[in-house]
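The values are calculated or read from the model by the stated rules, or taken from the named source; none is laboratory data. Keep in mind that this is a model prediction, so the values were computed, not measured. Cβ atoms come from the backbone with ideal geometry, glycine included; neighbour counts cover every protein chain shown. What goes into the accessible areas is simple: the full protein's heavy atoms, side chains included, and nothing from ligands, DNA or RNA. Shrake-Rupley method; radii C 1.70, N 1.55, O 1.52, S 1.80 Å.
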Amino acid sequence: QVQLIESGGGLVQAGGSLRLSCLASGRTFSSFAMGWYRQVPGKERELVASITWNGGSTYYADSVKGRFTISRDNAKNMVYLQMNSLKPEDTAVYHCAGEIGFHIEKIARPDYWGQGTQVTVSS
């Protein structure tokens with residue numbers, strides 16, 4: 001069984017920054033592609049960013065390109081999402097997700113999910 005635990009959410013003013021972290025326990029972390037989704041009530045869940053098992057390739061949604069950076073540290077079983085120049089429309093619950101497999105740049109069918117962390121950006 002794999003557990004994903006997010007942290008780092010909170011309230012920030014527009015233009016500010018936050019760093020989300022996700023700790024994975026259980027199966028071999030380095031065999032997963034990892035990603036961050038966000039969910040707003042009444043809207044479809046959106047894949048924000050994802051990263052291959054070794055960090056060699058990344059995917060970003062157009063809405064966050066140039067502002068968000070995903071990274072991972074396989075030695076620590078951690079994946080991060082650095083969010084800069086935050087906008088009110090970035091407000092959402094952010095979920096960490098993992099999909100088993102190598103060479104997956106854009107995750108599509110996560111095998112594991114975290115509980116989520118709330119990010120609120122005030123204008």
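Each row is one residue, and each column tells you yes or no for (1) aromatic (Phe, Trp, Tyr); (2) at pLDDT below 95; (3) open to solvent by less than 20 Å² (accessible area, probe 1.4 Å).
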| residue | (1), (2), (3) |
| --- | --- |
| Leu18 | no, no, no |
| Trp36 | yes, no, yes |
| Pro41 | no, yes, no |
| Val48 | no, no, yes |
| Ser57 | no, no, no |
| Val64 | no, no, yes |
| Arg72 | no, no, no |
| Ser85 | no, no, no |
| Cys96 | no, no, yes |
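Quick check on my filter: what residues within segment 10-52 are touching a residue at least 40 places away in the same chain (Cβ under 8 Å) and of a type in the set (S, T, N, Q)?
Result: Gln13, Ser17, Ser21, Ser25, Ser30, Ser31, Gln39, Ser50, Thr52.
Look at Thr28 and say whether it is in contact with a strand residue (DSSP E or B) (Cβ under 7 Å, 6 or more places away or on another chain) and either open to solvent by 20 Å² or more (accessible area, probe 1.4 Å) or among the hydrophobic types (A, V, I, L, M, F, W, C) (or both).
Numbers: in contact with a strand residue (DSSP E or B) (Cβ under 7 Å, 6 or more places away or on another chain): no; either open to solvent by 20 Å² or more (accessible area, probe 1.4 Å) or among the hydrophobic types (A, V, I, L, M, F, W, C) (or both): yes.
Criteria not met by Thr28.
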